[in-house]
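Below is the structure I would like to discuss, written out as structure tokens.
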Amino acid sequence: MATQHSRAAARFMIAPSVIVLLLWMAVPLALTLYFSFLRYNLLMPGENPFVGWENYSYFLTDPAFQTAIVNTLILVLGVLFITVLGGIGLAVLLDQPMWGTGIVRIMVISPFFVMPTVSALVWKNMFMNPVNGLFAFLAGTFGMAPFDFLTQAPLASIVGIVSWQWLPFATLILLTAMQSLDSEQLEAAEMDGASAWSRFWYIKLPHLARAITVVVLIQTIFLLSIFAEILVTTNGGPGTASTNLTYLVYAESLLRFDVGTGSAGGVVAIILANIVAIFLMRMIGKNLDA
Amino acid sequence: MARAVPNSRKAINTAVAWTIAILIFFPILWTVLTSFKTEATAIADPPVFLAFDWTLENYTAVQERSDYFRHFWNSVVISLGSTIIGLIIAIPAAWAMAFVPGRQTKNVLMWMLSTKMLPPVGVLVPLYLIFRDWGLLDTRLGLVIVLTLINLPIIVWMLYTYFREIPVDILEAARMDGAGLASEVIYVLTPMAVPGIASTLLLNIILAWNEAFWTLNLTAANAAPLTAFIASYSSPEGLFYAKLSAASTMAIAPILIMGWFSQKQLVRGLTFGAVK
Amino acid sequence: MKTLTRALLGASALCTVSLAAQAQSDDPVTLTIATVNNGDMVRMQGLTGAFTEAHPNITLQWVTLEENELRRRVTTDIATGSGQFDVLTIGNYEVPIWGKQDWLAPLDELPEGYDTDDLLPSIRQALTVDDTLYALPFYGESAMVMYRTDLVEEAGVTIPDQPTWSDIMTAAEAMTNEAEQTYGICLRGKPGWGENMAFLTAMANSYGARWFDMDWRPQFDSPEWQSATNDYLTMLNEYGPPGAAANGFNENLSLFQQGRCGIWIDATVAASFVTDPDESTVAENVGFAQFPNKEGVDNHGNWLWSWNLAIPASSDSVDAAKEFVAWATSKEYTEIVAEEQGWRAAPPGTRTSLYENQEYIDAAPFAEMTLTSMEAADTQNSSVQEVPYTGGQFVAIPEFQGIGTAVGQAISAALAGQSTAEQALSQAQSITEREMQRAGYMD
């Protein structure tokens, strides 16, 4: 259907996007790659000699590296798990007839508009603080000792905060998908005496599959590089308990100012992110073509 | 919709949904309430919910210390600027991908999306040096460029999924009538695509407004947006809950209100192709 | 790729040259000032009207940030020569290191009446490289004990003017009442070389420990470090507030002002805030004592810190910046603060004349103890053992920021109960060895 002429025009139209993104990737990436082979510490100016793979071996043998990989996975999978399950639940609920849908929806969607820094600050100080936080007060009224969230369960607390921010996004997408479901199909099933559960399991859930993949893809992109929430609440600690890969690279290049090692870490992170990306793309590609 | 739902079931739904919604919304509500308390009331034990002497002193204190409107204006310029430029670059691309798909289209799209997976810290120092050399540090132009680039893949993808839903027949009819490529885009597609473009615009304003890595690291004073404004309240200075709450409320209020008023438009396009 | 890099670097050189135009002295100038959000600096920001009135051609722009954030931004800026800031707030750790690297503009030719000789000798020495001042001190501090006189009395214990660590631990235990959310002792636990490690290093000094031996071998495996660390953990775990592993200077200040802490050992500068009746609920009941020592070790920690104003060599308004820096650290500024907010609020620890001023001594019950502590601090010999480095609660080498922060993380993990003191110290030892080897200090 497409003519030669429109093909060429199409290429011409796609070109600007591709070119700027290519530059955006290639230029800093080339410099990062270059720096990763230098001994380059911002605090120690002078020559930056070529050191081969030293920065890489240094970064990869850092005991914090393995922890960071595991933490990154926990963070991404934990948030995905909570937001997808919670999102399905909320979508089913909000799809029911009720009074005041508009206001309920506005309240549910709100966390999505809150800056990550603000939400981390608010949760850390006003809720999770073991002395003045609201949770400490609640624990007190039940006669329990206050739980120190960010020290005792730093990673779980961060998963909680991030899930709060992303739950609205998952809910909205899943709800939109849910509402696109043909209601006649549901009614027919109901006539046939299908229970609410089997209607959910056999009709609604399969219909949501595509939406779930989309939620997983988009969220993973953002979750892999979670940073502000960690910086504000725990600084990656205690120890390295809540250090993810992004934070580790940050610590190398901007706390130790070791740009060489930081760049090596950046390259490692980019490679790992791309592996995840390939996986995701495969999965999504299949699901979206259908 | 034709089914009659018993009021009792509707009541249960309502109760459950409201409870959950209020719980989700509570942190924001609590922050806003706290911003009107005195510092002493803010940490009162037991906490005071509504029955306190409302005061605006925290807002005055915050404004006195950090010029809110300068930061606000920077946020507006940066998020609007980057979104609009992003749309200008992305609309033709998304159009071409949706209506003249080639063998590589899907791959190009996926590649674009994968650039979003670049961990920003990995390239911060090189970018910082480039910005320094081009005189872009602490300028709104610099941030507009960066935010355009990091959100471009999302913009292209959202528009692409939206454009794909536009029936091709209409285009062919237009072509039969001798419409050229340009007029096809301007007169036929754009009007149909407006809802999709609107929701893309909204989502990207939100993403750009809340972006807190590049905006913090590439600005000092002149171009610092609200993310930088809030950063100066991130550690306690004596009693600070009320001031922190006031600063937080000021930082999120504009985008929150915008989000509320435009949520219908936002939701309509926020499917990323999730709905067929 | 190489060509690309070269092109970029080449472009960089060109731009640096073309942008190096200097501003004339009477032209309108905007100074961008990077500072910490500590109380004294926030106060300075509030008083800038007084400066701009006298210098109508100068506009001040403030970037006020949390300490770690500030340090990161300022260091990136200066190390890359970006020149985004005209005035920096930096510590006496950075000044000599940066001064040596010619990153800072030398501060000679100060305005008449500045009276450099009035600066406290130890502070002045810390800011001088090869007889040139590279920064002017905004306020200075040592560390001391602040405690609640009412709680001490209630608990029936005493804290002498020169307490030992066992005095402190006994008193902390007696004052702890968890049911009423009163905790015997508050100390820094937030990881960072300038947070928990500043305190723990000073504490270890007072136990006779040192960071490195004369061959730059880290000493965390020494018995002194072990007993200091054990006592530190015991105090915070048994008598400290919950969440201590996240508390830094500002968090503890807030807790003390709310009346949650019996004892707080920290920077002397906190004294003016905990005795401020407008901000502190316990202002009437605060006593002061010298930084503790371990029985038999003649060392009170040797904590010496100052926050200083410096001008990056990359600034394009060095002259205007110099005027501001001299103003903000002058006697005149102190008087403005005193006039507006009372003598108690005057920035402490930089000038001898302040401690000879009767009005200040009358208004500030902590003046004497502050001066005693600062005079007792010896940053040249921080431990009773011989050391190859200078610095009291830090080690004055560029690598220390990174090492100190990593060690601080290990200690805070122990405080959070994720590891034992022994594990934390052996981790600290291996982290430090690794970094020192890499940096070429030891092989």
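The values are calculated or read from the model by the stated rules, or taken from the named source; none is laboratory data. For clarity, every value in this text was computed on a predicted model and none was experimentally measured. Neighbour counts run over all protein chains shown; Cβ positions are idealised from the backbone, glycine included.
Since C:Pro242 meets every condition but one in (1) free of Cβ contacts under 8 Å to residues at least 24 places away in the same chain; (2) out of contact with any strand residue (DSSP E or B) (no Cβ under 9 Å at 6 or more places or on another chain), which condition does it not meet?
Here C:Pro242 clears every test but (2).
Still on this structure, I have one more. Would you check if A:Phe127 is more than 18 Å from the chain's Cα centre (by Cα), modelled with pLDDT under 90 and of a type in the set (A, V, I, L, M, F, W, C)? Before the answer, list the steps.
Working: more than 18 Å from the chain's Cα centre (by Cα): yes; modelled with pLDDT under 90: no; of a type in the set (A, V, I, L, M, F, W, C): yes.
So A:Phe127 does not fit the description; no.
Suppose we filter region C:268-283 for residues that are facing chain B (nearest Cβ under 10 Å) and of a type outside the set (A, V, I, L, M, F, W, C); how many remain?
The total comes to 5.
Which of (1) among the aromatic types (Phe, Trp, Tyr); (2) at the interface with another protein chain (Cβ under 7 Å from one of its Cβ atoms); (3) in contact (Cβ under 8 Å) with a residue 60 or more places away in the chain does B:Trp214 not meet, given it meets every other one?
Single failed check for B:Trp214: (2).
Kindly state which helices (runs of 4 or more DSSP H) lie completely within region C:320-367 and contain at least 3 residues that are closer than 18 Å to C:Asp117 by Cα.
Fully inside region C:320-367 and qualifying: C:331-341, C:352-355.
Which is farther than 30 Å from A:Ala156 by Cβ and surrounded by 22 or more Cβ atoms within 10 Å (Cβ to Cβ), of A:Asn41, A:Asn48, A:Asn71?
Checking each option against the conditions leaves just A:Asn41.
Ok, one more. Just a yes or no: is a residue in region B:124-137 crowded, with 21+ Cβ neighbours inside 10 Å, outside any helix (DSSP H, G or I) and out of contact with any strand residue (DSSP E or B) (no Cβ under 8 Å at 6 or more places or on another chain)?
Scanning region B:124-137 turns up at least one residue that is crowded, with 21+ Cβ neighbours inside 10 Å, outside any helix (DSSP H, G or I) and out of contact with any strand residue (DSSP E or B) (no Cβ under 8 Å at 6 or more places or on another chain).
Could you run through region A:107-132 and say how many residues are away from chain C (no Cβ under 12 Å) and either basic (Lys, Arg) or over 16 Å from A:Ala228 (Cα atoms) (or both)?
6
May I ask you to list the residues in region A:113-123 that are crowded, with 24+ Cβ neighbours inside 10 Å, in contact (Cβ under 8 Å) with a residue 12 or more places away in the chain and part of a helix (DSSP H, G or I)?
Within region A:113-123, A:Thr117, A:Ser119, A:Ala120, A:Leu121, A:Trp123 qualify.
Here's a follow-up. Take residues that are under 24 Å from the mean Cα position of the chain (by Cα), free of Cβ contacts under 8 Å to residues at least 12 places away in the same chain and assigned by TED's automatic domain parsing to the domain that holds B:Asp138 and tell me which of the helices (runs of 4 or more DSSP H) falling wholly in region B:2-101 contain 2 or more. First the steps, then the outcome.
On the way: elements: B:7-34, B:39-42, B:57-65, B:68-99.
Once the helices (runs of 4 or more DSSP H) in region B:2-101 are filtered for at least 2 residues that are under 24 Å from the mean Cα position of the chain (by Cα), free of Cβ contacts under 8 Å to residues at least 12 places away in the same chain and assigned by TED's automatic domain parsing to the domain that holds B:Asp138, what remains is B:68-99.
Is at least one residue of region B:132-143 more than 7 Å from every other protein chain (Cβ to nearest Cβ) and either acidic (Asp, Glu) or within 16 Å of the chain's Cα centre (by Cα) (or both)?
Yes, that holds for at least one residue.
Looking only at region C:67-89, which residues are out of contact with any Asp or Glu (no Cβ under 9 Å at 6 or more places or on another chain), within 11 Å of chain A (Cβ to nearest Cβ) and either assigned to a strand (DSSP E or B) or without any contact (Cβ under 8 Å) to a residue 60 or more places away in the chain (or both)?
If the condition is that a residue be out of contact with any Asp or Glu (no Cβ under 9 Å at 6 or more places or on another chain), within 11 Å of chain A (Cβ to nearest Cβ) and either assigned to a strand (DSSP E or B) or without any contact (Cβ under 8 Å) to a residue 60 or more places away in the chain (or both), then C:Glu69, C:Arg72, C:Arg73, C:Thr76, C:Ala79, C:Thr80 are the ones that fit.
Across region A:225-244, what is the total count of residues that are more than 9 Å from chain C (Cβ to nearest Cβ) and in contact with a Pro (Cβ under 7 Å, 6 or more places away or on another chain)?
Residues that pass the stated criteria total 4.
State all residues of region C:376-390 that are more than 17 Å from C:Tyr207 (Cβ to Cβ) and within 16 Å of the chain's Cα centre (by Cα); if no residue qualifies, say none.
Those that are more than 17 Å from C:Tyr207 (Cβ to Cβ) and within 16 Å of the chain's Cα centre (by Cα): C:Thr379, C:Thr390.
Could you check region C:343-362 and list, in sequence order, the residues that are surrounded by 15 or more Cβ atoms within 10 Å (Cβ to Cβ) and not hydroxyl-bearing (Ser, Thr, Tyr)?
Hits for region C:343-362 are C:Trp343, C:Arg344, C:Ala345, C:Ala346, C:Pro347, C:Pro348, C:Gly349, C:Arg351, C:Leu354, C:Asn357, C:Ile361.
For region A:44-93, how many residues are in a helix (DSSP H, G or I), without any contact (Cβ under 8 Å) to a residue 24 or more places away in the chain and hydrophobic (A, V, I, L, M, F, W, C)?
Residues meeting the conditions: 6.
Take the residues of region C:225-254 that are away from chain A (no Cβ under 14 Å) and surrounded by 21 or more Cβ atoms within 10 Å (Cβ to Cβ): which is nearest to C:Asn37 (Cα to Cα)?
Selected residue: C:Phe249.
Related question: State which residue is farthest from the other protein chains (Cβ to nearest Cβ) when the search covers only region C:397-427 and only residues that are under 18 Å from A:Gln152 (Cβ atoms) and part of a loop (DSSP other than H, G, I, E, B).
Result: C:Thr420.
Take the conditions within 14 Å of another protein chain (Cβ to nearest Cβ), under 21 Å from C:Arg351 (Cβ atoms) and either surrounded by fewer than 18 Cβ atoms within 10 Å (Cβ to Cβ) or at pLDDT 90 or above (or both) and apply them to C:Pro121. Does it pass?
Answer is no for this residue.
Would you mention how many residues in region B:127-141 are acidic (Asp, Glu) and more than 18 Å from A:Trp24 (Cβ to Cβ)?
1
Then there is this: Looking only at residues that are surrounded by 18 or more Cβ atoms within 10 Å (Cβ to Cβ) and among the hydrophobic types (A, V, I, L, M, F, W, C) in region B:253-271, which one is nearest to the chain's Cα centre (by Cα)?
B:Ile255
Right, another one. Taking the stated definitions as given, is C:Trp98 in contact with a strand residue (DSSP E or B) (Cβ under 9 Å, 6 or more places away or on another chain), in contact (Cβ under 8 Å) with a residue 40 or more places away in the chain and of a type in the set (Phe, Trp, Tyr)?
So C:Trp98 fits the description; yes.
Consider B:Leu149 carefully, then state whether it is in contact (Cβ under 8 Å) with a residue 12 or more places away in the chain and within 27 Å of the chain's Cα centre (by Cα).
No.
In addition: Residue under question is C:Met374, and the condition is that it be aliphatic (A, V, I, L, M), farther than 23 Å from C:Asp115 by Cα and buried (at least 16 other Cβ atoms within 10 Å of the Cβ); does it hold? Show your work before the answer.
On the way: aliphatic (A, V, I, L, M): yes; farther than 23 Å from C:Asp115 by Cα: no; buried (at least 16 other Cβ atoms within 10 Å of the Cβ): yes.
Judged against the criteria, C:Met374 is not a match.
Out of the residues in region B:1-59 meeting the condition of being more than 21 Å from B:Ile257 (Cα to Cα) and among the aromatic types (Phe, Trp, Tyr), tell me which one is farthest from the other protein chains (Cβ to nearest Cβ).
B:Trp54
Go through region A:133-193 and tell me which helices (runs of 4 or more DSSP H), entirely inside it, have 3 or more residues that are modelled with pLDDT of 90 or more, more than 21 Å from B:Val5 (Cα to Cα) and more than 14 Å from chain C (Cβ to nearest Cβ).
The helices (runs of 4 or more DSSP H) meeting that bar are A:154-179.
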